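First the structure, in the form of structure tokens, and then the observations on it.
The values are calculated or read from the model by the stated rules, or taken from the named source; none is laboratory data. Computed from a predicted model, the values in this text were never measured in an experiment. Note: ideal-geometry Cβ built from the backbone for every residue, glycine included; neighbour counts use all protein chains shown. Accessible surface areas use protein heavy atoms only, side chains included; no ligands, DNA or RNA. Shrake-Rupley method; radii C 1.70, N 1.55, O 1.52, S 1.80 Å.
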Amino acid sequence: MTHLNFTEPTDTEWTTWIAQCNTASLSLIASHTAGTPEKINTSLYAGQKHRFYDAPFHGKCAYCESKIEETSPNYVEHFRPKGEVRDIKNVIINNHGTTIPHSGYYWLAYNWKNLLPTCWNCNTWHEDKSGVMVGKGNRFPVDGRYAEIPGGEATEAALLINPMHENPDVHIYMDEVGFIRNKPGSTKADNTVELFGLNTREALVNGRKKEYDNISRRVKLLFIASESEKAQEMREIKEISEGREEYTIAAKRAIADVLVSVQTTSTQLGSGL
């Protein structure tokens, strides 16, 4: 998982879509207020999914960083669930002891700031190969009370990392063998790793380790490459570190580790070891 900035487009297609979403959102709010909730039009938010796959996520799942077209059908995922809401254990939420299940963040169903591209494995509640239940589904843990009215989410304390709106590096890091570790005191990290199975899905751990080894090797070779080879290779590594390939978190860790190693060796040689 890595943070990639999304600059909201200004072209006619996008602004027309935003206007349609705003109108549809007002209709949803009105119908819920009247006690006659209308069905959410999934085709409306799915119609712009190419915007999220092309940039800023470069065709990758926002959560596990796998290339979506290579792993599963693509989905537009709602960070805050549009329908019913469940906790981290997949239990239906009855907000603070009420008997009525949370109706979901219906007012955010068409809000692009609540949409993320995901793979099937991260999007869907299921049992993975290790026998662990993973995938987001309608799970959404918070600290304290859940927001129940439009605008209430502004003061709600979500306990999952949203990679479009915050930097995951504040909460997590990858170790040298491909596992995602939480930084001290981050409840968001624990929940995110558990919910998406970031350490129990073997293909993810192996993929991150492979990318770590690959980038480590390429960075080390820069020190013996010719000037022309070095310039091309540096451009490619820079693009990878910017998130254009799978497992950016592994690439960044590899670059940092090699540079630290080189600096340490240089210092030792300078001091005569």
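Observations on the model:
- Residue within segment 27-39 that is in contact with a helix residue (DSSP H, G or I) (Cβ under 7 Å, 6 or more places away or on another chain) and under 18 Å from Glu77 (Cβ atoms) present: no
- Among the numbered conditions (1) over 21 Å from Cys122 (Cα atoms); (2) part of a helix (DSSP H, G or I); (3) open to solvent by less than 20 Å² (accessible area, probe 1.4 Å), the only one that Glu153 does not meet is (3).
- Arg145 open to solvent by 70 Å² or more (accessible area, probe 1.4 Å) and either touching a strand residue (DSSP E or B) at 6+ places or on another chain (Cβ under 7 Å) or charged (D, E, K, R) (or both): yes
- For segment 137-156, the condition of being modelled with pLDDT under 95 and in contact with a Cys (Cβ under 8 Å, 6 or more places away or on another chain) holds for none of the residues.
- Residue count, segment 104-132 (criterion: assigned to a loop (DSSP other than H, G, I, E, B) and within 18 Å of Lys82 (Cβ to Cβ)): 7
- Index of the failed condition, Tyr53 passing every other in (1) within 21 Å of Gly207 (Cα to Cα); (2) surrounded by 15 or more Cβ atoms within 10 Å (Cβ to Cβ); (3) modelled with pLDDT of 80 or more: (3)
- For segment 160-174, the tally of residues that are in a loop (DSSP other than H, G, I, E, B) and touching a residue at least 60 places away in the same chain (Cβ under 8 Å) stands at 7.
- Taken together, Ile180, Ile161 contain a single residue that is open to solvent by less than 70 Å² (accessible area, probe 1.4 Å), under 26 Å from Asn111 (Cβ atoms) and at pLDDT 90 or above, which is Ile161.
- Boolean, Gly135 is in contact with a Lys or Arg (Cβ under 8 Å, 6 or more places away or on another chain), at positive phi and open to solvent by less than 40 Å² (accessible area, probe 1.4 Å): no
- Qualifying position, being surrounded by 20 or more Cβ atoms within 10 Å (Cβ to Cβ) and touching a strand residue (DSSP E or B) at 6+ places or on another chain (Cβ under 9 Å), among Glu245, Glu211: Glu245
- Pair list, Cβ under 9 Å, 6 or more apart: segment 206-232 residue more than 18 Å from Ser66 (Cβ to Cβ), other residue acidic (Asp, Glu) and modelled with pLDDT under 90: Arg218/Glu233; Arg218/Glu236; Val219/Glu233; Leu221/Glu229; Leu221/Glu233; Leu222/Glu229; Leu222/Glu233; Ala225/Glu233
- Residue match in segment 105-115 (condition: touching a residue at least 24 places away in the same chain (Cβ under 8 Å), open to solvent by less than 40 Å² (accessible area, probe 1.4 Å) and more than 21 Å from Gln20 (Cα to Cα)): no
- Only one of Lys238, Lys230 that is in contact with a helix residue (DSSP H, G or I) (Cβ under 7 Å, 6 or more places away or on another chain), of a type outside the set (A, V, I, L, M, F, W, C), over 20 Å from Asp175 (Cβ atoms) and open to solvent by 30 Å² or more (accessible area, probe 1.4 Å): Lys230
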